[in-house]
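This report refers to the structure that appears directly beneath it.
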Amino acid sequence: MCEATVYVKSDGQEREIMRDVTRVEPEGDNLVLSSLLGEQKLVRGRIVRLDFLKHTVLIEETREGNR
């Protein structure tokens, strides 16, 4: 299986926000995360790292007006 665990980096801290993610899709300034079971989450941020060996995605949170 090729699911990933997604982490968000905010204020220097990384926290897990979703497991079993099968799709990350950009939507404007946001990313739509979709899980194996159909759960979806909308995250404002940008991808910092994809680690295919560890099956992880790191997203850095962005705030409105920051790019």
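Only the coordinates and a few stated rules stand behind these numbers; no lab work does. Remember, predicted model here, so these are calculated numbers, not experimental data. Virtual Cβ from ideal backbone geometry, glycine too; neighbours counted across all protein chains shown.
The stretch between residue 50 and residue 34, if pulled fully straight at 0.36 nm per residue, gains 4.2 nm over its current Cα-Cα span.
The stretch between residue 60 and residue 25, if pulled fully straight at 0.36 nm per residue, gains 11.1 nm over its current Cα-Cα span. Phi-derived couplings, Karplus 6.51 cos²θ - 1.76 cosθ + 1.60 at θ = phi - 60°, listed residue by residue for the range 20-33: 6, 7, 10, 8, 10, 10, x, 9, x, 8, 10, 10, 9, 9 Hz, with x used for Gly and Pro. With θ taken as phi - 60° and the Karplus curve 6.51 cos²θ - 1.76 cosθ + 1.60 applied, the whole-hertz 3J(HN,Hα) list for the range 49-58 is 8, 10, 10, 6, 6, 8, 6, 10, 10, 10 Hz, x standing for glycine and proline. Sparsely packed loop sites in the chain (the GluC sites (Glu not before Pro) outside DSSP H, G, I, E and B with at most 10 other Cβ atoms within 10 Å) comprise 64. Placing +1 on the Cβ of every Lys and Arg and -1 on the Cβ of every Asp and Glu, with nothing else charged, gives the range 4-61 a dipole about its Cα centre of roughly 120 debye.
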